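Asks: Here's a structure for you.
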Amino acid sequence: MISILFVLALLASVPENVTEFDLANGIHVVSRTVPGGEVEGLSFFLIGGSRVLEESNQGIEAFALEAAMTGSDTYPDERWREIMDVTLASWNASYNYDYSRYHLKCLSEDLPLLLDGFADCLLEPELDSVAVGRVQNSQLVALQSELEDPDNRVWLVANKGFMGTGHPYLLRPDGIPSTLSSFDVDDAREWLSSRIKSGNIVITHAGPTPPEQLAELLEASFGRIPEGGDVIPSVPEFGIDRDTVIAETDETLSAYCVVKFKAPPAGNADLPAYITACLVVDEMLWQVLRTDNALTYAVFGGSTNSYRRNWGYMYISTTEPVLSATLMTGVFRDVASGNVDQSLVTGVANNYRTTQGINAQSMDTQCWMLGSGYISAGDWRAPYLLQESLENMTVYEISRALSDWAGTAGWGIIADGAIVDFAEFEPWSLKGE
Amino acid sequence: MRLLKGIMVLYTLILMLSMNFSVVESSLPNGLDIIIGEDHSSPIVTMCVVVNTGATCETPETNGLAHFYEHMFFKGNTALSDQTAYNNRMRELGMIRNGTTGSEVVRYYLTVSSDLFSEGLEFMYDAITGPLFDPEEIVRERSVIMNEYERGTCNPFWNLRLMQEEVLTVEPWRSSAIGSPEVIMAADQETMLMFQEKYYTPDNSALIITGDINPETVLPAVADLFGQWEYGGRSDYFFLDLNISIEKDTILHAGGPEGMGMIRIVYVGPSMADQQNWTYAADVWGQYMGRMTGEFHNDLVANGPFLDVYASYYSQRFEPTITFAGTLDPSLVDEGLVMMREEIQDMFREGYFTSSGIETASEQLRRERLFREESSRDMATETFPFWWVEGGGLEYYNNYPDSLAAVTAGDISLYLDRWVKDRPSAVFLVTPEGEWVE
């Protein structure tokens with residue numbers, strides 16, 4: 001039985017033509033109908049992320065899903081590759097703290113076949129050991145390459161101080177080399193068997209296929225997924241109770257520096273003001289660190305808004321990390337104390353509106369917004385409503401949100417110890433004197 | 001007055017793309033090409049100025065300055081006195097902007113809400129025609145660009161990139177957009193003005209606009225404003241020499257990330273400047289080789305040591321290449337090289353290219369085009385600029401589907417005979433312990 005609920009868009013920023021429905025097995029579907037084109041986007045969200053992992057199996061879901069997508073009993077490896085050749089469909093996988101996402105991009109005419117094959121791969125995976133071994137090696141190569149780049153690694157360094165011992169978000173959804181290399185076909189099969197349950201899944205869609213037709217296609221494919229699901233623990237607060245700095249040395253001409261700080265969780269009333277504050281921080285970082293002081297090519301700030309537990313951050317690459325961190329701290333304090341012009345606040349809202357307009361042209365981004373809003377805030381409209389909230393924000397509101405929430409700071413730095421004096425690193429405090 | 005503005009446009013050509021937006025192509029008397037795409041799917045408009053320049057226009061003494069110029073585009077101009085004023089105006093307009101410099105092309109683009117189209121257009125005009133190149137801002141920007149350079153050196157494939165520039169090109173600096181630190185640190189107003197005078201003229205540029213606009217309404221406004229941009233006629237871009245040469249078979253080793261082996265076999269390909277007839281067969285061939293059920297993939301990946309492989313032609317005017325490449329365990333690189341070379345030889349066997357495989361490849365290219373046309377912003381900032389520069393106008397892109405559909409197995413064989421068979425290649429072997437040795 002498929003029940004369809006049409007949602008009326010009451011606010012300008014909330015898109016029209018969005019439909020929500022549940023498959024018979026309970027899988028929730030959110031579909032944005034975008035008439036006119038031929039390109040479909042469909043995202044399969046598997047809820048859990050880091051919270052369903054342990055130290056010893058980090059990356060297992062990424063491994064299992066990629067392994068599953070090499071073919072199924074009905075669509076064995078070569079047949080599945082042939083379908084990929086003929087359709088030129090693409091699959092993009094991403095794994096994060098709260099969910100795994102598998103995104104399909106294809107033409108409308110190919111959607112029925114690809115959905116059937118996709119579901120079959122998840123439910124009846126072939127898991128040929130040679131093909132799976134290739135997937136495993138590819139993942140290891142990609143991971144190793146990422147970890148060797150200090151620009152990527154510095155974010156993980158900051159996590160160590162910021163998140164606190166034992167926080168589930170410290171577990172890496174894309175794995176670490178030692179765990180990723182230990183998995184085998186049986187591990188993948190077992191993981192898929194336990195996780196591919198209707199209660200763990202949300203599907204989002206953006207494209208020309210109308211909801212009634214989509215519902216039929218999904219019922220015929222993903223309707224076969226068994227009911228049930230995991231009890232996923234809530235996300236604890238980040239454990240940081242004092243300012244910290246963790247520094248690693250590497251042979252690198254540029255130093256990389258990240259600081260993370262607490263933010264309101266999904267659904268909290270302060271989140272829009274806090275997000276705006278971090279966007280203002282971003283503008284001021286560019287002005288002070290890049291325009292005025294020419295300390296960097298890349299500097300930015302912001303906050304997450306699609307996780308169950310969010311954080312703010314500032315980032316820079318520079319040959320002068322100490323001076324840069326001091327100036328970044330000053331920018332943060334200025335915003336937290338309200339020492340900013342209202343035009344900056346209005347400006348970031350303007351930019352946000354344009355960004356949303358850009359996002360509307362991508363089926364992939366629409367699928368992500370619908371899904372992350374639903375998973376993090378329980379409402380697909382959350383990312384769209386944010387735009388409305390930003391429109392009339394005041395300096396007072398943003399400074400209060402930032403000063404109330406962002407207390408202690410977790411800094412991560414990667415620099416060459418032969419060039420930079422690590423003794424000068426201190427856990428720069430974001431709070432005023 | 002409106003009629004007068006209409007007359008200023010030399011010609012107008014209306015094209016329908018596969019998706020539901022149409023494109024109008026025009027040219028102004030000052031030589032500026034204008035491409036306008038109408039797409040009402042979102043209330044935004046994107047504008048991109050693309051210029052025929054880049055590292056390929058540089059000398060050893062100016063290597064990095066095309067990129068430096070791109071940075072100065074985002075600073076003060078005759079309408080906005082410095083970068084702070086520039087930044088403030090961007091926020092007022094809610095503008096999202098960026099720029100890129102490659103070896104053969106430089107792009108500047110911005111997106112605004114469609115109700116601010118006129119303001120955005122004016123902003124773009126002021127930035128492209130009236131940069132101040134304030135000496136103090138130039139000095140500050142040297143440090144910014146040096147940090148960009150330093151960041152690049154942290155990339156695990158930095159050495160491979162340097163090696164390829166050195167080995168494949170006649171003049172390596174023409175391949176390196178980031179340039180040399182010495183030149184970056186010596187950049188001054190004079191060299192910026194030199195670049196401006198030579199390349200930043202309407203007859204060497206195109207203005208691309210896509211989004212929630214009506215071409216008939218905006219074209220007169222565009223012609224009115226950008227018609228004031230003074231004709232130059234000084235660019236040497238189309239007279240520059242080919243910058244790629246592989247004289248003899250060469251094997252080189254480079255260092256790479258832990259756990260990764262990589263093989264790249266590179267040949268000289270046909271130039272988009274004056275050998276376009278070869279490029280359609282080249283693209284169908286590349287797509288054919290990329291099929292996951294093709295022999296190339298089956299032999300090397302499904303039944304071989306590689307994790308992935310590809311073979312492709314890179315459409316370039318000055319550095320066109322044909323590349324066979326793959327990733328594998330570093331301990332298997334030598335074995336992989338032998339297998340890949342055998343696979344290349346196998347391509348010359350009669351019957352290797354089947355008509356059904358060519359049909360699939362052509363259909364893939366048609367679909368790829370549909371996927372690229374999903375976002376009109378991406379069309380304005382990626383697809384149109386690329387093909388306008390490489391094709392020397394949009395005609396190549398417009399005729400592309402028909403030209404691909406006409407490619408036969410015989411055409412592909414001729415292409416391979418001309419560009420790969422018995423031709424010298426440069427082989428790059430990447431392993432964690434690899435060093436730059438020949």
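Asks: Alpha carbon centre of region A:60-108 versus region B:72-114: separation in Å?
Replies: Computed from Cα coordinates, the inter-centre distance equals 39 Å.
Asks: Which of A:Gly117, A:Gln144, A:Gly166 sits closest to the plus end of the dipole of region A:16-224, meaning its Cα is farthest towards the positive end, when Lys and Arg get +1 and Asp and Glu get -1 on the C-beta?
Replies: A:Gly166
Asks: Let me ask another. Can you figure out the FRET efficiency of A:Ile419 with B:Trp158, using R₀ = 25 Å and their beta-carbon distance, to the nearest 0.05? Please report the intermediate quantities before stating the final value.
Replies: Working: r = 17 Å, r/R0 = 0.70.
For R0 = 25 Å, the calculated efficiency reads 0.90.
Asks: Would you list, by chain and number, the lysines whose Cα falls below 29 Å from the Cα of B:Lys75, excluding same-chain residues fewer than 8 positions away?
Replies: Hits, sequence-local ones excluded: B:Lys198.
Asks: Counting alpha carbon pairs within less than 8 Å and at least 6 residues apart, what relative contact order, in whole percent, applies to region A:16-224? Provide the component values of the computation, followed by the final result.
Replies: Values: 361 pairs, mean separation 88.1, N = 209.
Relative contact order, region A:16-224: 42 percent.
Asks: In chain B, which longest range has no trypsin sites (Lys or Arg not before Pro) that are both DSSP loop (not H, G, I, E or B) and surrounded by at most 15 other Cβ atoms within 10 Å? It would help to have the intermediate numbers written out before the result.
Replies: Values: sites that count: B:Arg234, B:Lys248, B:Arg349, B:Lys421.
That gives B:1-233 as the longest site-free run.
Asks: Also, quick follow-up: Taking the Cα centre of chain B as the origin, how large is its charge dipole in debye, to the nearest 20, when only Lys and Arg (+1) and Asp and Glu (-1) carry charge on their Cβ atoms?
Replies: On the way: 28 positive and 66 negative charges, 133 e Å.
That gives a dipole near 640 debye.
Asks: Counting pairs of Cα atoms in the protein assembly as shown, how many percent are more than 38 Å apart?
Replies: On the way: 175397 of 378885 pairs.
For the protein assembly as shown, the fraction of Cα-Cα distances above 38 Å is 46 percent.
Asks: A follow-up question, please. Just name one of B:Gly410, A:Ser56, A:Ala24: the one whose Cα is farthest towards the positive end of the charge dipole of the protein assembly as shown (beta-carbon charges, Lys/Arg +1, Asp/Glu -1).
Replies: So the residue furthest toward the plus end is A:Ala24.
Asks: Give me B:Val430, A:Val258 sorted ascending by neighbouring Cβ count inside 10 Å, so fewest comes first. Don't jump to the answer; show the numbers that get you there.
Replies: Details: B:Val430 25, A:Val258 21.
Arranged by neighbour count, lowest to highest, B:Val430, A:Val258 become A:Val258, B:Val430.
Asks: Return P(r) of chain B (all Cα-Cα pairs; 10 Å bins starting at 0; whole %; ordered from short to long distances).
Replies: Per 10 Å bin, starting at 0, the Cα pair percentages come out as 4, 19, 27, 26, 17, 6, 1, 0.
Asks: Just from its helices, what would the mean residue ellipticity at 222 nm be for chain A, if runs of 4 or more DSSP H residues each count -39500 (n - 2.57) and the sum is divided by every residue, rounded to the nearest 500 deg cm²/dmol? Can you show the working numbers first?
Replies: Details: 14 runs with 178 residues, N = 433.
Counting only the DSSP helices, I get -13000 deg cm²/dmol.
Asks: Here's something else I'd like to know. Across region B:207-329, what fraction of all alpha-carbon pairs, as a whole percent, falls in each successive 5 Å bin from zero upward?
Replies: Spelled out bin by bin, region B:207-329 gives 2, 9, 12, 12, 12, 12, 11, 9, 7, 6, 6, 2, 0 percent.
Asks: Can I ask one more? Could you point to the residue in B:Val301, B:Ala311, B:Ala380 farthest towards the positive end of region B:241-400's charge dipole, with +1 and -1 charges on the Cβ of Lys/Arg and Asp/Glu respectively?
Replies: Value: B:Ala380.
Asks: For each of A:Ile27, A:Ile398, A:Ile246, count neighbouring Cβ atoms within 10 Å of the residue's Cβ, then give the residues from fewest to most.
Replies: Ranked by crowding around the Cβ, least crowded first: A:Ile246, A:Ile27, A:Ile398.
Asks: Excluding residues fewer than 8 places away in the same chain, name every one of the lysines whose C-alpha is closer than 27 Å to that of A:Lys262.
Replies: Once the sequence-local lysines are set aside, what remains near A:Lys262 is A:Lys160, A:Lys431.
Asks: Any aspartates and glutamates with Cα under 15 Å of the A:Lys105 Cα? List them, leaving off those in the same chain fewer than 8 positions away.
Replies: Answer for A:Lys105, where 15 Å is the Cα cut-off: A:Glu38, A:Glu40, A:Asp85, A:Asp116, A:Asp364, B:Glu368, B:Glu373, B:Glu374, listed by chain and number.
Asks: Show the residues, 5+ positions off or on another chain, whose built amide H is closer than 5 Å to the amide H of A:Gly239.
Replies: A:Gly164
Asks: For chain B, what does -39500 (n - 2.57) per DSSP helix run (n ≥ 4), summed and divided by total residues, give at 222 nm, in deg cm²/dmol to the nearest 500? Can you show the working numbers first?
Replies: On the way: 15 runs with 172 residues, N = 438.
Calculated mean residue ellipticity at 222 nm is -12000 deg cm²/dmol.
Asks: Also: What is the extension gain from A:Asp379 to A:Arg189, computed as 0.36 nm multiplied by their sequence separation minus the C-alpha to C-alpha distance, in nm to one decimal?
Replies: On the way: separation 190, 0.36 × 190 = 68.40 nm, distance 3.21 nm.
Between A:Asp379 and A:Arg189, full extension yields an extra 65.2 nm.
Every read-out reported here was derived from the displayed coordinates using simple, explicitly stated rules and does not represent laboratory data. Nothing here was measured: the structure is a model prediction, and the numbers come from that model. Cβ sites come from the backbone with ideal geometry, for glycine too, and all protein chains shown count toward neighbours.
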